[in-house]
Each structure stands twice: as structure tokens, then as C-alpha cells.
Amino acid sequence: MTDRPAYYITTAISYPNGAPHIGHAYEVIATDALARFKRLDGYDVFFLTGTDEHGQKMQQTAAREGISAREFADRQAPRFAAMAAELNCSNDDFIRTTEPRHAAASQAIWERMAEAGDIYKDSYSGWYSVRDEAYYQENETVLGDDGVRRGPQGTPVEWVEEESYFFRLSAYQEPLLAHYRDNPAFIGPDERRNEVVRFVEGGLRDLSISRTTFDWGVPVPGDDRHVMYVWVDALTNYLTGIGYPDTDSASYKRFWPADLHVIGKDIIRFHTVYWPAFLMSAGLPLPKRVYGHGFLFNRGEKMSKSVGNVIDPFALSETYGVDQLRYFFLREVPFGQDGNYSHDAIVGRINADLANDLGNLAQRSLSMIAKHCEGRVPEYGAFSSADEEILAAADALLETCRKAIEVQALHTALAAIFQVVADANRYFAASEPWALRKSDPERMKTVLYVTAEVLRQVGILMQPITPAAAGRLLSILGLADDRRSFSELAGAGRLSPGGALPKPEPVFPRFVEPETE
Ligand code: ME8
């Protein structure tokens, strides 16, 4: 048993009815960065991601392909697990909602909601969007000129009329509003919170939670003519992943309630209205926070001359590099807002920030150390005020980053880190260590020491964002694996003069445009 605090973080689980796309990549990368940050900061982290394999959308797509829903899910799900691995994500488990453990968890939570008197049978008639797997009120839909009625997200809706079990959502309006009031951090960012509070204040209707017109889902306990509405089983994945329904299991006791569900803004209602109501009904604690990130859009231009219009995450990581892609997404788009990506924007970030600002500073300072300090961490003399200033800026980074990460502001953490990198470049240029080599070699060593020490802290803090490249940087600074956690930041882990350094190698190569044909 560890005395480290527990931290349970999840992504949404993806519908695998198509290939993994850039939105899936963005979400798992951001969540991975948050998970890695917490691990390095001393938490015992459990990070869950996976696939949402039931529902009408999956069944219809499988039918179009001429195979069974299960065959289709078995073919598709591994592509999503492979994407997370390709993007160097550190998830502790990958859940598929077609696994037996998940049927058990979904049926258990259903039974608890039924025991609470919150489930009753009636008949449903209304609009349903298969693409969104969501029910809509008539006044949320619009009949287009083309004769197609569409829901609020622009997807077609169809009329559904069938016997259905209902969840007494209407009974949870006040408890939910009280929960939002008492737990202001429950929903982030603030715009999302306001939107949800307004929606719930408008009143809640009971929710249809089963279907009878198809069978691709978790059977309703005691009535297997019905399968559960896909969102009931989908949301329950967060419980399955840590051992529910075994509430005595070590992992359930350690990790529930979840600390953070990271999801996209289009599914905020499911996570902050339905999910907490289901949990309240089942008598289970609520997750501490739900964060709805923004959407990423391709600016519609050709991504790269050699690969054409790349929107496939595998092709993107191959073209630009995994660390480079991770950095771009997290730096370029303020987390929580929508953003664009384009070939030029990605290349700009790679070359200006990673290759130039960070990579060159490491290359220049460490190759001087290799050449003029016998490849050892230099001995330093008394610190000047410029030395003190840049060291203090680096030492302050952990607190700034922690505050930002507490509210998922990954871009704010990165901006602070790269501000110190920019300051360190100015410090290095102004100190002119190359000129000091002849005039004042002792001073040169101090400047090189201070620069290396700033790079050490930047390298440690960059591990959640660019794990492989940050690892290379820390290796050429001679840091053993057990010297790379956040407890080594600031004064605690200062480089020791005299330590032997390996031969420096480039950390971030420039992106060079492939030859145009
Ligand atoms: O909604 N940019 O699955 P999904 C950023 N199975 N994020 C995006 C995006 C984009 N262009 N497109 C989608 C589902 N996302 C359900 C979730 S959770 C219990 C069940 C995000 O495959 C989207 O907001 O449609 C969601 O968080 C995730 O990708 C999976 O979307």
C-alpha cells in the first residue's frame, strides 16, 4: 500500500464506428499529459480510456459492413488502443464496454437505481438521433428545407415509439442544482458550468433508458427484451474500470470517486446531469470534477505536401513526430476552447519553440560543456544577480504549473515554461559564454552551470507533454531515472558539479519540408 494520494482520471470512451480521428487523439493526449503531471507530482494515478461499443449507431454501421456488431467492434476497438499507444499515452487500462466485467457493472448500477424506486416502465415516443445517441425534445429539433429534421448538433433525428424503462431524472433537479452550488469546481470551464446550470434550472424530464427495437446492448436485468440505453452503460465504464460492482475491491476503494473526467463539450450534459443523477440514485459518491474541452478543426487546407490532407492521427504523428504533435495540441489551443490546426501552424510551433528556443539552447550550452568543461557538470562561482534571477524563475515554475493543472489549463503551464526558456535564451546570449572562454573561464562555467540547471527543470516539467524528448534532454543532463520527479525541482535536485555527462545529442530536430515534386 502506498501513502501517495490517489488520483483517478478518465477520457470519454470513443465510439469505434469509424477510424480514430483527431478529436480522439486530442482528448487522450491532453488527459495523458494531466495523468503524467500528477504521477510526477507524487500521486498514485489510475488513468482509464477505452471504447463505447454498444448502441444503434454501432449496430447500423456493422450492418452496412455486412458483419455482426460484435465482429465489427472486435475489429475496430484495437485501432483505438493502438492510437493511444502510438501517441505514447500512459493509460493504466483500456476498457471495452463489450467486456463481461462491464455488463456486470452496468446491471449492478441499474439494480441499485431500481431499488431506489427511480426506474419505471412506460412507453416512449419522441425524437432520437442515432449519430448522437441522444433523445431530443421537439423544440430542440428543426425541420430543414431538405425535409430532414435535425437535432441541436445538426444530426438527423428519427421518430421513436416503443415500450421503455424510464429513469426518474425529474426528481434530481433540486439535488443537482444544490450539488453545483455546493461544489463550484464540479464543472469546468466556467462557461460549461453556466450552460449546465441554466439547462437544469429549466426543468428536467424523466429519461428513457432502454430500447426494444434492437438488441446490441447490455440486457436490462430481469427483462431481456430490453437493452439499456447506450449512455447508461457508457457512463458506467468509469466504475467498471476500477472494479465496480465489487465495492470492497482495493481499486474501487482507492480510486472512486474519480477525480477528473475529461470529455468534449458536446457531451457535457450526459456527464454533469445524467451521470451524477444516476450515481445519486444508486447511492454512490459523485466524481469530483468534469472538464469539457473544446473542439479541434482542420483549417481546411492541405496539411503537408507529401501526405496530402492529413487528418488521421497516425499519419500526423508520423509526419510531425509524437512529441511534436502533443506539444502543438497542448500549446496552440487554450484547453477548454475550440482551436484550429494546420500544417503551417504545426511546423511553426515545432521550429520556433521546440527546435529553436529549447532545442538550440540545450545543444549550444551542452556542447560547450562537452568541449570546454571536460564533459562534466561545471563548477560554479558566486552567482550574479542575472544568475539568481533566472534560477528563481525556473524554481518558481512548479507552483505556477501546479496551479494551472489544478484547473486543466495546460496551455498556461506551457506558456510559463516557455517564458522561462525564452528568458534563459536571453540570459545565455547576454552572458556570452563563448567570449568568456578566453576572458573569464570561471565565469563561463558558472553561466553554463546555470543554463544547464534551468534546462534540468524545464526537462523535468516537459515530461508530461513531450515524454520521449524530455527524457532525452534529461539523459544528456546526466539525470538518473529516479532524479526526474517533481520532488527534484527547484533547489532540491540541483545538478552536482563534477558529474559526468554523456555526449550531447539533439533533442528536437527542425521540421524540414519534404521535397516538392
Ligand atoms: O461521444 N475535437 O464518443 P465520440 C475535440 N462514446 N474533441 C472531439 C472532437 C473534435 N473534433 N470530436 C469528438 C462519444 N471529440 C461517446 C462518449 S463517454 C461515457 C461516451 C471528443 O467517439 C468528444 O467530445 O463521439 C468526446 O469527448 C470524445 O471525443 C469521444 O467522442
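Scanning segment 464-492 for residues that are touching a helix residue (DSSP H, G or I) at 6+ places or on another chain (Cβ under 7 Å) and over 22 Å from residue 363 (Cα atoms) gives 485, 486, 488, 490, 491.
Conditions (1) surrounded by 20 or more Cβ atoms within 10 Å (Cβ to Cβ); (2) touching a residue at least 12 places away in the same chain (Cβ under 8 Å); (3) of a type outside the set (A, V, I, L, M, F, W, C); (4) more than 11 Å from the ligand (Cβ to nearest atom), marked per residue:
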residue: 34; (1), (2), (3), (4): yes, yes, no, yes
residue: 60; (1), (2), (3), (4): no, yes, yes, yes
residue: 67; (1), (2), (3), (4): no, no, no, yes
residue: 70; (1), (2), (3), (4): no, yes, yes, yes
residue: 78; (1), (2), (3), (4): no, no, yes, yes
residue: 86; (1), (2), (3), (4): no, yes, yes, yes
residue: 90; (1), (2), (3), (4): no, yes, yes, yes
residue: 102; (1), (2), (3), (4): yes, yes, yes, yes
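A single member of 76, 107, 153 is more than 29 Å from residue 285 (Cα to Cα), within 32 Å of the chain's Cα centre (by Cα) and not in a loop (DSSP other than H, G, I, E, B), and it is 76. Just one of the numbered conditions (1) among the β-branched types (Val, Ile, Thr); (2) closer than 18 Å to residue 113 by Cβ; (3) in contact with a strand residue (DSSP E or B) (Cβ under 9 Å, 6 or more places away or on another chain) is not true of residue 242: (2).
One residue stands out among those in segment 221-260 that are in contact (Cβ under 8 Å) with a residue 60 or more places away in the chain, assigned to a helix (DSSP H, G or I) and charged (D, E, K, R): the one that is nearest to the ligand (Cβ to nearest atom), which is 233.
Pull up segment 291-330, narrow it to residues that are more than 16 Å from the ligand (Cβ to nearest atom) and among the acidic types (Asp, Glu), then point me to the one that is modelled with the highest pLDDT. Applying the filter and picking the extreme gives 323. Could you check, for segment 214-234, whether at least one of its residues is of a type in the set (Val, Ile, Thr), at pLDDT below 95 and over 30 Å from the mean Cα position of the chain (by Cα)? No, segment 214-234 contains no residue that is of a type in the set (Val, Ile, Thr), at pLDDT below 95 and over 30 Å from the mean Cα position of the chain (by Cα).
Out of everything in segment 407-416 that is crowded, with 22+ Cβ neighbours inside 10 Å and among the hydrophobic types (A, V, I, L, M, F, W, C), what residue ends up being farthest from residue 290 (Cα to Cα)? Here the residue is 414. Restrict the check to segment 197-209 and report whether at least one residue is surrounded by fewer than 16 Cβ atoms within 10 Å (Cβ to Cβ) and aromatic (Phe, Trp, Tyr). Yes, the conditions are met somewhere in segment 197-209. When residue 18 is tested against (1) small (Gly, Ala, Ser); (2) away from the ligand (no atom under 11 Å from the Cβ); (3) at pLDDT below 95, exactly one condition is not met: (2).
In segment 124-137, the residue that is modelled with the highest pLDDT out of those that are more than 16 Å from the ligand (Cβ to nearest atom) and under 34 Å from the mean Cα position of the chain (by Cα) is 127.
Does residue 229 meet the test of being surrounded by 14 or more Cβ atoms within 10 Å (Cβ to Cβ) and farther than 21 Å from residue 60 by Cα? For residue 229, the condition - surrounded by 14 or more Cβ atoms within 10 Å (Cβ to Cβ) and farther than 21 Å from residue 60 by Cα - is not met.
Okay, residues lined up against (1) surrounded by fewer than 16 Cβ atoms within 10 Å (Cβ to Cβ); (2) of a type outside the set (Asp, Glu):
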position: 122; (1), (2): yes, no
position: 133; (1), (2): no, no
position: 144; (1), (2): yes, yes
position: 147; (1), (2): yes, yes
position: 153; (1), (2): yes, yes
position: 161; (1), (2): yes, no
position: 170; (1), (2): yes, yes
position: 186; (1), (2): no, yes
position: 192; (1), (2): no, yes
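Counting the residues of segment 261-280 that are within 11 Å of the ligand (Cβ to nearest atom) and in a helix (DSSP H, G or I) gives 8. The numbered conditions (1) aliphatic (A, V, I, L, M); (2) surrounded by fewer than 20 Cβ atoms within 10 Å (Cβ to Cβ); (3) away from the ligand (no atom under 16 Å from the Cβ) are all true for residue 45 except (2).
If you check 442, 399, 453, 406 for being farther than 26 Å from residue 328 by Cα, among the acidic types (Asp, Glu) and out of contact with any Cys (no Cβ under 6 Å at 6 or more places or on another chain), only one passes: 442. Scanning segment 5-15 for residues that are near the ligand (Cβ under 8 Å from one of its atoms), farther than 11 Å from residue 262 by Cα and touching a strand residue (DSSP E or B) at 6+ places or on another chain (Cβ under 6 Å) yields a single hit, 14. Checking the structure you have, find out if any residue of segment 441-451 is touching a residue at least 12 places away in the same chain (Cβ under 8 Å), buried (at least 18 other Cβ atoms within 10 Å of the Cβ) and within 29 Å of residue 85 (Cβ to Cβ). No, segment 441-451 has no match at all.
The values are calculated or read from the model by the stated rules, or taken from the named source; none is laboratory data. Predicted model, so just to flag it, every value in this text is computed and none were measured. Heads up, the Cβs are rebuilt from the backbone with ideal geometry, glycines too, and the neighbour counts pull from every protein chain shown.
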